[in-house]
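In what follows, a single structure is set out as structure tokens and then discussed.
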Amino acid sequence: METFTNNIQAIPLNHYILLCSIIFAIGVIGVLIRRNAIVIFMSVELMLNSVNLLLTAFSVYRGDATGQVFVFFIMALAAAEVAVGLAIIVMIYRNTNSIDINVLNRLKW
Amino acid sequence: MSTFYFIAFLSIFFSILVITAKNPVHSILYLVLTFFTFTIHYILMNAQFLAVVNFIVYMGAILVLFLYTLMLINLNKESEPRKSSLVKFAAVIGGGCFLVTIVAALKAFKVSQPVILNDPNLGLVKNLGKILFNEYLLPFEVSSILLLSAMVGAVLLATKDPKTT
């Protein structure tokens, strides 16, 4: 197992940062181009996960386990956020019969 | 070495499919695949605890929650109105500008040392549990209160108000 991971991990840190930035940018674009509220939520999850992966990469790079503990906390936070957010989406659907976010344009002002 | 690049390609590919799929159910299934590739990334970095937690919490709990919500909300009619192509173009330009900014900042750094695992039991459950319950005991308890309040809030929001109906 040890030789396996040591063989695998000769990847420069820049490539991890690049991968996570690309996935974060995909999440940002997904929030901007979709109108379905659930898909927007999934894009937010994508952004959270890319940050998690980058925190883990930095944690392994520095040899410090604190980053992985923070990833654990972020996962707990994401679970809470998803529960409340999906409850809000269900309530919006019950009131407006739609999850199109353009119906909610009165929230703009 | 090349395993990482293959898995990285797969995660980017599936995450693009997540935001471009027409049907929201397909979108959720692609998100499951994306999270699975993230789990493989964690295993490659020997963060075994995070790999298992990612597998159970994200793929098991959160995405099932998404699927159930999507089933509660009846979307059979495929009625998602498309945004105008001008808005899509502007969104892609905006996201691309964000990406270019980060990459340019990365070029200025010139750090390119490889990620090498010095301590092989860094991400194991024993090591992380010792740190979590020694130094981060108070945040751990506070996060349990956060989860409890989120659960109460979700139940309170999603139940029907008897006065309005």
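What follows draws every value from the coordinates through simple rules; no lab data is involved. Bear in mind the structure is a predicted one, so any value in this text is a computation, not a measurement. Don't worry about glycine lacking a Cβ; one is built from the backbone with ideal geometry, like all the others, and counts go over all protein chains shown.
Six or more apart or on different chains, Cβ under 7 Å: which pairs go from a residue in the stretch B:124-144 that's more than 8 Å from chain A (Cβ to nearest Cβ) and touching a residue at least 24 places away in the same chain (Cβ under 8 Å) to one that's among the aromatic types (Phe, Trp, Tyr) and surrounded by 13 or more Cβ atoms within 10 Å (Cβ to Cβ)? Could you list them?
Once the first residue is more than 8 Å from chain A (Cβ to nearest Cβ) and touching a residue at least 24 places away in the same chain (Cβ under 8 Å) and sits in the stretch B:124-144, its partners that are among the aromatic types (Phe, Trp, Tyr) and surrounded by 13 or more Cβ atoms within 10 Å (Cβ to Cβ) give B:Leu124/B:Phe49; B:Val125/B:Phe49.
Can you find a residue in the stretch A:54-68 that is touching a strand residue (DSSP E or B) at 6+ places or on another chain (Cβ under 7 Å) and either part of a helix (DSSP H, G or I) or not aromatic (Phe, Trp, Tyr) (or both)?
Scanning the stretch A:54-68, I find no residue that is touching a strand residue (DSSP E or B) at 6+ places or on another chain (Cβ under 7 Å) and either part of a helix (DSSP H, G or I) or not aromatic (Phe, Trp, Tyr) (or both), so the answer is no.
If you go through the stretch B:71-88 one residue at a time, do you hit one that is more than 7 Å from chain A (Cβ to nearest Cβ), free of Cβ contacts under 8 Å to residues at least 60 places away in the same chain, more than 20 Å from A:Leu19 (Cβ to Cβ) and touching a Pro at 6+ places or on another chain (Cβ under 9 Å)?
Looking through the stretch B:71-88, at least one residue is more than 7 Å from chain A (Cβ to nearest Cβ), free of Cβ contacts under 8 Å to residues at least 60 places away in the same chain, more than 20 Å from A:Leu19 (Cβ to Cβ) and touching a Pro at 6+ places or on another chain (Cβ under 9 Å).
Which is within 28 Å of A:Thr56 (Cα to Cα), over 24 Å from the mean Cα position of the chain (by Cα) and aromatic (Phe, Trp, Tyr), of B:Phe89, B:Phe109?
B:Phe109
Which condition number does A:Ile88 fail, the rest of (1) facing chain B (nearest Cβ under 7 Å); (2) in contact with a Lys or Arg (Cβ under 7 Å, 6 or more places away or on another chain) being met?
With respect to (1) facing chain B (nearest Cβ under 7 Å); (2) in contact with a Lys or Arg (Cβ under 7 Å, 6 or more places away or on another chain), A:Ile88 is out only on (2).
Quick check on the stretch B:97-123: of everything there that is within 7 Å of another protein chain (Cβ to nearest Cβ) and either touching a residue at least 60 places away in the same chain (Cβ under 8 Å) or more than 23 Å from A:Pro12 (Cα to Cα) (or both), which residue is surrounded by the most Cβ atoms within 10 Å (Cβ to Cβ)?
The residue in question is B:Gly123.
Can you tell me which of A:Leu46, A:Leu55 is in contact with a Gly (Cβ under 6 Å, 6 or more places away or on another chain), buried (at least 18 other Cβ atoms within 10 Å of the Cβ) and either more than 7 Å from chain B (Cβ to nearest Cβ) or farther than 28 Å from B:Gly123 by Cβ (or both)?
When all the criteria are applied, what remains is A:Leu55.
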